[in-house]
Amino acid sequence: MNESALRSKMLCALLPLLAVVSLAGCAVGPTKEDPYEPFNRSMFSVHEAVDGAVMKPIAQGYVAIVPELIRTGVSNFFGNIDDLFTGINGLLQGNGYRAGDAFGRVLLNSSFGLGGIFDLASMMGITKDRNDFGITFGKWGFPQGPYLFIPGFGPTTVRDGTGWLVRLEIGPVGYIPDIPLRNSLYGLGYVDIRQQALATESVVDTAAIDKYRFIRNAYLRARRYQLYDGHPPPEDDDDSAPAPSAAAPAAAVPGAPPAASTPEPTPPK
Amino acid sequence: MSRDFAKLLFVPIIAFATSLAHAQEAPDVLVKRLAEETLAAIRADKEIQVGNPAKVKALIEVKLVPHFDTTRMTALAMGRNWRAASPEQQKELTEQFKTLLIRTYSNALTNYRDNTMTYAPLRMNPADTEVVVRTAVSRPGQAPIPLDYSMEKTPDGWKCYDVVVSGVSLVTNYRDEFNDIVKSSGVDGLIKTLSDKNKAPQVK
């Protein structure tokens with residue numbers, strides 16, 4: 001569930017894209033992080049087609065039919081399972097503080113929150129956190145591996161995708177013996193994730209020029225930020241930017257000497 | 001004697017009042033005020049919540065745009081290609097990029113009704129002319145999303161030149177796109193791509 005939460009978080013505030021393809025001519029060479037770009041792009045097209053025809057309409061129907069109160073309960077229920085894994089990964093990363101908060105949330109919400117349907121912990125100020133096996137593997141030093149776009153799942157990397165497989169393998173829903181119930185829960189969980197992404201998605205549609213690249217770059221940066229707990233080292237980037245406004249007038253004069261190179265926007269610290 | 005006394009008393013008061021009038025709103029105070037006023041406007045107006053385009057646009061253009069340095073944002077998004085653009089191209093790029101950002105933000109705005117913001121204490125020296133104001137957006141049932149504003153001091157007050165969501169810089173994310181387009185079809189190609197996109201019907 002973190003995946004979609006992450007996706008919606010990335011998208012939520014600003015960024016967006018659209019299936020757009022006014023970019024016909026845009027020759028995009030594979031990058032270091034996305035060596036399988038041509039393949040990924042075709043998977044992305046498959047995803048867009050299938051998602052647009054099936055999953056997205058289902059998610060929209062769900063939002064239209066099911067009252068908000070119930071949808072929130074459903075999100076909280078699956079979010080409670082997320083919190084369990086946030087706690088486990090906090091432990092695996094040796095971060096007792098984060099693990100403690102997450103487990104505290106699970107205890108509280110599972111009991112007084114009626115099995116996770118109510119997020120009492122947030123109301124009491126125990127803030128929700130995100131953590132997952134992909135981040136744990138990263139902190140243990142496993143390389144990220146190539147970027148992958150998986151139809152029906154979304155952006156990931158070999159490392160993050162492996163983390164998801166681990167989680168699905170040991171996730172509590174998998175232990176439910178009643179197969180129709182188990183499958184219904186998987187289905188509901190999927191619809192829940194998908195509907196959470198709806199709002200973000202329309203923003204991405206507006207913002208992005210090349211939706212595939214926009215999602216990839218935002219995904220990889222957001223994961224990097226998460227891996228370094230919000231303090232990532234500066235990226236290698238030879239593309240140093242010009243111009244705080246003081247320098248702008250100079251730059252506007254044709255033939256003016258290049259403005260002294262100025263630092264990048266302050267990286268998040 | 002009493003005149004001197006009056007001078008003693010009033011001159012500093014006048015000087016103080018004047019300096020207040022010219023004093024710039026601190027960057028964190030500014031961010032907080034704009035965010036809270038914007039959220040209040042959204043919550044108070046049903047038409048904004050359902051995305052009435054004229055109202056949303058008015059809110060953004062009147063309240064927010066003046067506090068962004070769109071020229072610098074465009075320059076940063078262009079990276080080294082900025083200097084390859086003529087002044088007319090720079091102007092056109094800035095205009096198109098600004099339109100794209102306004103459209104994007106208009107689309108996002110209607111989703112913000114249930115959001116609450118938290119603000120981290122600002123760390124800055126009095127002499128700083130660039131700071132990062134750190135905030136976080138919380139939505140019910142979701143982990144808070146870090147949202148940082150890169151601010152610069154200008155004669156017109158502090159202005160924002162980048163927004164970083166969960167470690168994803170708006171400006172940097174566009175730089176990758178702009179770079180590729182300029183490489184394949186030049187600065188004019190980028191202007192055309194942006195204006196085509198801005199003319200496309202708003203997706204919903």
So B:Trp82 fits all but one of (1) open to solvent by 20 Å² or more (accessible area, probe 1.4 Å); (2) aromatic (Phe, Trp, Tyr); (3) facing another protein chain (nearest Cβ under 9 Å); what number is the exception? (1)
Would you pick out the residues in the range A:99-119 that are of a type outside the set (S, T, N, Q), open to solvent by less than 50 Å² (accessible area, probe 1.4 Å) and on the phi < 0 side of the Ramachandran plot? A:Ala99, A:Gly100, A:Ala102, A:Gly104, A:Arg105, A:Val106, A:Leu108, A:Gly113, A:Asp119
Residue selected from the range B:139-155 under the condition open to solvent by 50 Å² or more (accessible area, probe 1.4 Å) and in contact (Cβ under 8 Å) with a residue 12 or more places away in the chain, by the criterion farthest from B:Tyr112 (Cα to Cα): B:Lys153
Please list, ordered by residue number, the strands (runs of 3 or more DSSP E) wholly in the range B:86-181 having 2 or more residues that are within 8 Å of chain A (Cβ to nearest Cβ) and of a type in the set (A, V, I, L, M, F, W, C). B:130-138, B:145-154, B:157-165
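Could you please give the count of residues in the range B:116-138 that are crowded, with 20+ Cβ neighbours inside 10 Å and under 30 Å from A:Val63 (Cα atoms)?
Of the residues in the range B:116-138, 1 are crowded, with 20+ Cβ neighbours inside 10 Å and under 30 Å from A:Val63 (Cα atoms).
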Report yes if some residue within the range A:114-137 is over 20 Å from B:Pro146 (Cβ atoms), under 21 Å from the mean Cα position of the chain (by Cα), within 14 Å of another protein chain (Cβ to nearest Cβ) and of a type outside the set (D, E, K, R); otherwise report no. no
Looking at (1) in contact (Cβ under 8 Å) with a residue 12 or more places away in the chain; (2) open to solvent by less than 20 Å² (accessible area, probe 1.4 Å); (3) within 29 Å of B:Ala40 (Cβ to Cβ); (4) in contact with a Pro (Cβ under 9 Å, 6 or more places away or on another chain), which one does B:Thr104 not meet, given that it meets all the others? (1)
Selection count, the range B:46-79, where residues are open to solvent by less than 50 Å² (accessible area, probe 1.4 Å), of a type outside the set (A, V, I, L, M, F, W, C) and over 17 Å from the mean Cα position of the chain (by Cα): 4
Within the range A:123-146, how many residues turn out to be without any contact (Cβ under 8 Å) to a residue 12 or more places away in the chain and outside any loop (DSSP other than H, G, I, E, B)? 1
Exactly one condition in (1) open to solvent by 40 Å² or more (accessible area, probe 1.4 Å); (2) within 14 Å of chain B (Cβ to nearest Cβ); (3) free of Cβ contacts under 8 Å to residues at least 60 places away in the same chain; (4) not acidic (Asp, Glu) is false for A:Gly73; which is it? (1)
Can you tell me which residue is farthest from the other protein chains (Cβ to nearest Cβ) among those in the range A:202-211 that are surrounded by fewer than 24 Cβ atoms within 10 Å (Cβ to Cβ) and not polar (S, T, N, Q)? A:Lys211
Within the bounds of the range A:79-98, is there any residue that is farther than 24 Å from A:Gly163 by Cα and surrounded by fewer than 15 Cβ atoms within 10 Å (Cβ to Cβ)? no
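The values are calculated or read from the model by the stated rules, or taken from the named source; none is laboratory data. Every value quoted in this text rests on a predicted model; they were computed, and no experiment measured them. In this analysis, Cβ positions are derived from the backbone assuming ideal geometry, glycine residues included, and neighbour counts consider all displayed protein chains. Only protein heavy atoms, including side chains, enter the accessible area calculation; ligands, DNA and RNA are left aside. Shrake-Rupley method; radii C 1.70, N 1.55, O 1.52, S 1.80 Å.
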